[in-house]
There are 6 protein chains.
Amino acid sequence: MRIQIVNPNTTVSMTEKIAVAAKAVAAPGTEIVAATSKSGPASIEGHFDGAMAVPGLLAEIARGEREGVDAHVIACFDDTGLDAARSLARAPVIGIGEAAFHLGTIVSERFTVVTTLSCSVPILQSNLFRYGFDRRCARVRAAEVPVLSLEEEGSPARQRIADEIAAALAEDHCDAIVLGCAGMADLCAFYAEKFGIPVIEGVSAAVKLAEGTVALGLGTSKSGGWAPPIAKRYDGLAARFLEE
Amino acid sequence: MRIQIVNPNTTVSMTEKIAVAAKAVAAPGTEIVAATSKSGPASIEGHFDGAMAVPGLLAEIARGEREGVDAHVIACFDDTGLDAARSLARAPVIGIGEAAFHLGTIVSERFTVVTTLSCSVPILQSNLFRYGFDRRCARVRAAEVPVLSLEEEGSPARQRIADEIAAALAEDHCDAIVLGCAGMADLCAFYAEKFGIPVIEGVSAAVKLAEGTVALGLGTSKSGGWAPPIAKRYDGLAARFLEE
Amino acid sequence: MRIQIVNPNTTVSMTEKIAVAAKAVAAPGTEIVAATSKSGPASIEGHFDGAMAVPGLLAEIARGEREGVDAHVIACFDDTGLDAARSLARAPVIGIGEAAFHLGTIVSERFTVVTTLSCSVPILQSNLFRYGFDRRCARVRAAEVPVLSLEEEGSPARQRIADEIAAALAEDHCDAIVLGCAGMADLCAFYAEKFGIPVIEGVSAAVKLAEGTVALGLGTSKSGGWAPPIAKRYDGLAARFLEE
Amino acid sequence: MRIQIVNPNTTVSMTEKIAVAAKAVAAPGTEIVAATSKSGPASIEGHFDGAMAVPGLLAEIARGEREGVDAHVIACFDDTGLDAARSLARAPVIGIGEAAFHLGTIVSERFTVVTTLSCSVPILQSNLFRYGFDRRCARVRAAEVPVLSLEEEGSPARQRIADEIAAALAEDHCDAIVLGCAGMADLCAFYAEKFGIPVIEGVSAAVKLAEGTVALGLGTSKSGGWAPPIAKRYDGLAARFLEE
Amino acid sequence: MRIQIVNPNTTVSMTEKIAVAAKAVAAPGTEIVAATSKSGPASIEGHFDGAMAVPGLLAEIARGEREGVDAHVIACFDDTGLDAARSLARAPVIGIGEAAFHLGTIVSERFTVVTTLSCSVPILQSNLFRYGFDRRCARVRAAEVPVLSLEEEGSPARQRIADEIAAALAEDHCDAIVLGCAGMADLCAFYAEKFGIPVIEGVSAAVKLAEGTVALGLGTSKSGGWAPPIAKRYDGLAARFLEE
Amino acid sequence: MRIQIVNPNTTVSMTEKIAVAAKAVAAPGTEIVAATSKSGPASIEGHFDGAMAVPGLLAEIARGEREGVDAHVIACFDDTGLDAARSLARAPVIGIGEAAFHLGTIVSERFTVVTTLSCSVPILQSNLFRYGFDRRCARVRAAEVPVLSLEEEGSPARQRIADEIAAALAEDHCDAIVLGCAGMADLCAFYAEKFGIPVIEGVSAAVKLAEGTVALGLGTSKSGGWAPPIAKRYDGLAARFLEE
């Protein structure tokens, strides 16, 4: 099967890291197709970046549908554009945030999320509440590291995240950690070993959920809230997206 | 004071109807500036339309900020792009959906929402839940009239909505009706008189909330979840939006 | 339009301060009529005071209805007697607590309430929960200043409230402050300037919500939970209230 | 021990019926003292009646405290004035509504409440929600019988309530019935036998809860939300209540 | 009336202490029958112990039913096996955890639970949430004393619990304490006197609730979620339980 | 990897059907080990059956742990004994009910559960609430077919379930169906094709979630609510379970 992973920001090095993480956990028969959005911010930090990233993301979802991929993964921990992508797709669509939360509830009684910047905290809290996972999340913490610092050699980001995990284990009554950014996809094993508890990362979680959903022959239901868009006139730059 | 009302779809006749409704309730010193999005769908019906409308909406919010408007109203009942717009603005930003819900809780113990199409029902239910108003809403009903049919002379839409209101009063144990579409802005008084209960419409509700918020000197808090976007590189069509 | 503001305690100096705050934000065509309850406690601190204040409050609501006021504001942050007042009135009735919460959710992602005494904290928490605003409130804090100390020259109350606001900003992850007592109506601008965040005060918030509701022709729905009282025999002092 | 049952309306025949129901279930050592409020409505139907009944109720609570009763029961199913009464009392205070709900969750998985008039439905729904029992209540139904019709010989009230119970069993997926009015205290056994399911009535439930609470030496905590009223000046008729 | 109290662990000294506590509060006409489970762990600490204790508990419930007891009390604060016991019984069944929570909400605005080990904390939190009492519980604390240390002379357990109560009163904004283990049944009066607030203990609370429920003629509803087990083949050791 | 699927009832034909369903979706490298409980009821219908099945289930979990399986699946839709099993295991443990709900939220906006008997409905509703999925479930329906009738040739069960699915699609505003019994594992494809919507079945869903969790190196966290049982004395038949 082919699973398309869309990085909804435009930073190619981040897509590459995501692809590595995805391929590392993909089953033998799974082909990972990693796509970088062609329109949007270099990183998604806060509501504005997220909203501006969606049309570029949806263009990749549409392309994937046309090319017949079996599932889509949205590789932003905010699950940016998830409902709109589901409206567009017949294949299943999985956000890396929700994927990590699903697995977090399976292996831990209460998990803490460690994300990048505090501007993402209310977005993740709102998602947890909407998904029904808020009672299973001890706390959402920000390590105060910019997303793109995770791409830099020698950045103190890795240490700051470790410090935040240590604080979570000391203060939050949590028994697992969820890493709250696609850019942390390569750090999962490191922290799991260091702290001796389950550490869940969204890209790999979403790949496994996607494989499972496809293997069961399940796709996005088209008869409810994710029914296909109604054909209509589009204007301006938005029309340009639809052409591409 | 100047209140900008942004119609986040591209249908100018709908903007005009919205502007009439807004001006009809504006206080003497209030100037209503109605803007039509230059990019997006002709109407917003479902998640995909909503997501694609946001960049065009945000461009108008940004323009309004530069021009120094005192408040913004987002004239789609889904409150499309509300969090992103608040990140962008220092002036207060009010969605017509939330505005109607706020006033609905003031004048009724339980209200029913009557919207256009059933694809909007889960979006409004999710908003009600996130805002904390779900317990005050008896039900969200769809009259199954397309948004743009409200723009057509002689359309049966007006009657279908009346039928749905009648059904709500008979079945839902509600004591007020909230009209769930910006395109119904001109129908409020008609139904209120016909049914003898409070009928709340979002455009007029948002104008009054905006006037009140501005009069108190309140603006969008910039120190929490709606902090300004972090400056960064934007690519592709998204960069074009930022230029405009 | 005429808006009646009822101070449900019997302290006239507090009514005067409330009237000043109300008139300061009233629109040109709005006449503010401030009434002091003739029966009840000198201040409302806790459940007993609140319950005992209600008949005196309702007498003023009834008088206002007879005199044809266009809206009522209940100037106690506990929203004392709100449901009973709505049962009595055809004009809209707005509590200053709920009014502040409504605007708080529009301009901030999460607000902290700073009230007077800790006996009011569970009352406000219960209101926030019933209204559905509990998720938007970071915390309810008491500055431990008696209500009437706010009426005294040279009282340390103003400083204690400032200290509590500072503590809220440091500890609560909130991005706005709601002042939780009608007696703080004159302090709003002072703290807003001092701390550089939105500070919301209920009297002014309620006046603007009342103006907006009236301008839209909306009144309290009489067909649901706030239907008019059923005519019946009243005995004892309660009968005296009805005579007056 | 002595348990005071306060009928917060002024209808003596109803107090007598309540006293009979209370004495019928009281343990050998329990003395039931039934008091009728001297001030308020002849029956409590809706928010206004409830609010106006509270001072008269509190006067009886205060008298009971002075006379050293061991517990208080508030014999209105709306639990009118419960928090204020608890502020006033050191002895435990139990509302007949909450008492019936407590026992309802012990003997049934989901109960339906059958009350008198529909104006009481939102009050009971709000109580169930605040108490945390809403998930255990299948539905709150009104038989549409005025409270005082329960006092009339030959009234159709008894049959209407039976019809409503039958409807509940057929439609609500409930496995017990809670009778939602103090005036139904004499009907409990009749319906229990007729329908063969647990039927819970508040007066008797509250007596048993009061006996149990007193036997354990428990009283209302005075260190939290129900701390004693702060001494202060009272004016007008409210001051008259305090004198009596 | 006869009330059977089942200690679902196999430690007889604990049953004896429970029986003493139960008899100390039982009404004159109440006979307390204390039973010790014949199968299961010596103490219940965590999910595994709880699950393994249930068949032994149910055997005692079944025996009690055959012998015609009037009510059953499950003397483990986790309310182990409560739903299954209710399925088996026509008499009412009351867990000591739920009993303490019921009374806790009657005498306090917010209580803190002090239990033995932290492995019980999520179990109690889950129960509080399912019962609807989570909003009334300030916090669940563990004193980190093993259950059976409460049976040892000269154990530091009594002091550790006192320390935890003191911490709760200082930090939790609670106004009562619920003791979260059947093994603490003899400590209730000691702490109540020491700290001057209501201290609620489950065994005595359950006895009084059981007496009250029986006195009202109420039993477990058999028409809903607690309908009797459907007769069927049982295999293995489980079949042995049914024989006994 | 080896995944153990434990049928917690003692009906071998049902284990065989479950094994077929599991193997049909297992990935190439996955070995399915199906175990039948040696102690308990022939089918699990209601709380009593569920509770009595748990020790037999836990014995199989313990055996699987000793034999080094990589994951456990509990093949009862009630998720019987899930927390206790997680306390016992280091490998991940997944209930087929929760597994179906997880995937249900990924492919549908709102799903309806169709289970066997109405005695299971409150159990599943309680699970949905505890897991946080209640808002995504439109309704839990019972087809009123006994579990073991699903094992009989020519039983009308298949048709009754189809009728219930048809009713759900007509009445519930759902866009997917979750089959609520392990015994329905072979019917999934049939209904999916017949009704043209996603039909989710728990055994296959749990296998794919187990494969995914194992592939990521995740196991049950042992530092929180699912810490290993504390070693202690066990008595009676329970001790026999531990020996086996």
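The values are calculated or read from the model by the stated rules, or taken from the named source; none is laboratory data. Please read these numbers as outputs of a predicted model, since none were measured by experiment. Every residue, glycine among them, receives a Cβ derived from its backbone with ideal geometry; neighbour counts consider all protein chains shown. We work out accessible area using only protein heavy atoms, side chains counted, and drop any ligands, DNA or RNA first. Shrake-Rupley method; radii C 1.70, N 1.55, O 1.52, S 1.80 Å.
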Report P(r) for the protein assembly as shown: all Cα-Cα distances, bin width 10 Å, range 0 to the bin holding the largest distance, values in whole percent.
-> 1, 8, 16, 21, 22, 18, 10, 3, 0
Per the rotation taking chain E to chain D, min distance Cβ-to-axis on chain E (residue, whole Å) equals E:GLY132, 1
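About the Cα centre, and with charges only on the beta carbon of Lys, Arg (+1) and Asp, Glu (-1), how big is the dipole of the protein assembly as shown? Nearest 20 debye, please.
On the way: 132 positive and 180 negative charges, 0 e Å.
For the protein assembly as shown, the charge dipole is close to 0 debye.
Just order D:26-35, B:98-107 by mean Cβ neighbour count inside 10 Å, highest at the front, would you? Don't jump to the answer; show the numbers that get you there.
Numbers: D:26-35: 16.7, B:98-107: 26.1.
Taking the mean over residues of other Cβ atoms within 10 Å, the ranking is B:98-107, D:26-35.
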Position F:GLY217, label points 7 Å along Cα→Cβ, spacing to each other copy in nm (shortest first, one decimal) | 3.6, 5.8, 5.8, 6.7, 6.8
If contacts are Cα pairs under 8 angstrom and at least 6 residues apart, what is the relative contact order of chain A in percent?
-> 23 percent
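Kirkwood-based Rg over Rh for the stretch B:117-229 (C-alpha set), two decimals?
Values: Rg = 16.4 Å, Rh = 16.0 Å.
My calculation puts Rg/Rh at 1.02.
When only C-alpha pairs under 8 Å and at least 6 residues apart count, what is the relative contact order of the stretch D:37-166, in percent? It would help to have the intermediate numbers written out before the result.
Values: 176 pairs, mean separation 25.6, N = 130.
Worked out over the stretch D:37-166, it gives 20 percent.
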Please give the FRET efficiency for F:GLU144 paired with F:LYS222, using the beta carbon to beta carbon distance and R0 = 41 Å, rounded to the nearest 0.05.
-> 0.50
Give the cross-link partners of E:LYS23 among the aspartates and glutamates, using a straight C-alpha distance below 15 Å as the criterion and excluding same-chain residues fewer than 8 apart.
-> E:GLU31, E:ASP186, E:GLU201, E:GLU211
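Which of A:LYS17/A:LYS38; C:LYS232/D:LYS17; A:LYS194/F:LYS222; A:LYS38/A:LYS232; A:LYS222/F:LYS17; D:LYS222/E:LYS194 have a Cα-Cα distance over 26 Å?
Numbers: A:LYS17/A:LYS38 17 Å; C:LYS232/D:LYS17 20 Å; A:LYS194/F:LYS222 16 Å; A:LYS38/A:LYS232 24 Å; A:LYS222/F:LYS17 30 Å; D:LYS222/E:LYS194 16 Å.
Beyond 26 Å between Cα atoms: A:LYS222/F:LYS17.
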Averaged across the residues of C:81-89, what count of C-beta atoms belonging to other chains lies within 10 Å of each residue's C-beta?
-> 5
Along Cα→Cβ at 7 Å, what distances in nm separate the F:LYS23 label point from those on the other copies, shortest first?
-> 3.5, 6.2, 7.6, 7.6, 8.9
Any chance you could check the Cα centroid distance between the stretch C:79-151 and the stretch C:180-202 for me, in angstrom?
-> 14 Å
At A:ARG2, label 7 Å along Cα→Cβ: distances to the other copies, nm, ascending?
-> 3.8, 5.1, 7.5, 7.5, 8.7
How big is the gap, in Å, between the Cα center of the stretch D:1-36 and the Cα center of the stretch C:213-244?
-> 31 Å
Classified through the alpha carbon gyration tensor (a ≥ b ≥ c as square roots of its eigenvalues; rounded if a/c is under 1.5, else prolate when a/b is larger than b/c, else oblate), the stretch E:26-80 comes out prolate
Which of the listed residues, F:ALA166, F:ALA227, F:ILE177, is farthest toward the dipole's positive end in the stretch F:160-244, when Lys, Arg count +1 and Asp, Glu count -1 at the beta-carbon?
-> F:ALA227
So what does the Cα-only Debye profile of the stretch B:1-106 read at q = 0.17 Å⁻¹, as log10 I(q)/I(0), no solvent term?
-> -0.72
By how many degrees, between 0 and 90 and to the nearest 10, does the Cα long axis of helix E:12-25 differ from the longest principal axis of chain E?
-> 80 degrees
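Can you tell me the accessible area per residue over the stretch E:23-81, all protein chains present, probe 1.4 angstrom, in square angstrom? Can you show the working numbers first?
Working: 1670 Å² over 59 residues.
Value for the stretch E:23-81: 28 Å² per residue.
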Antiparallel as a % of all DSSP beta bridges within the protein assembly as shown, to the nearest 5?
-> 5 percent
Over the stretch F:1-48, consider all pairs of different Cα atoms and compute the Kirkwood hydrodynamic radius from their mean reciprocal separation; express it in Å, one decimal.
-> 11.4 Å
Along principal axes, largest first, the alpha-carbon spread of chain B in whole Å comes out as 54, 36, 33
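What is the average number of partner chain Cβ atoms found within 10 Å of a Cβ in A:37-47? Before the final figure, lay out each step's value.
Details: counts 3, 4, 9, 8, 9, 4, 3, 1, 4, 9, 13.
Across the residues of A:37-47, the mean count of other-chain Cβ atoms within 10 Å is 6.
So what is the relative contact order of the stretch E:127-189, in percent, for Cα pairs below 8 Å that sit 6 or more residues apart? Don't jump to the answer; show the numbers that get you there.
Working: 29 pairs, mean separation 20.4, N = 63.
Reported relative contact order: 32 percent.
Averaged across B:124-135, how many Cβ atoms of other chains sit within 10 Å of each residue's Cβ atom?
Details: counts 0, 4, 5, 0, 1, 4, 5, 5, 10, 3, 2, 7.
Taking all residues of B:124-135 together, the mean is 4.
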For n ≥ 4 DSSP H runs only, could you compute -39500 (n - 2.57) per run for chain C, divide by its residues and tell me the 222 nm figure to the nearest 500?
-> -14000 deg cm²/dmol
Quick one: helix B:96-107 against the long Cα principal axis of chain B, what's the angle to the nearest 10°, folded into 0 to 90?
-> 50 degrees
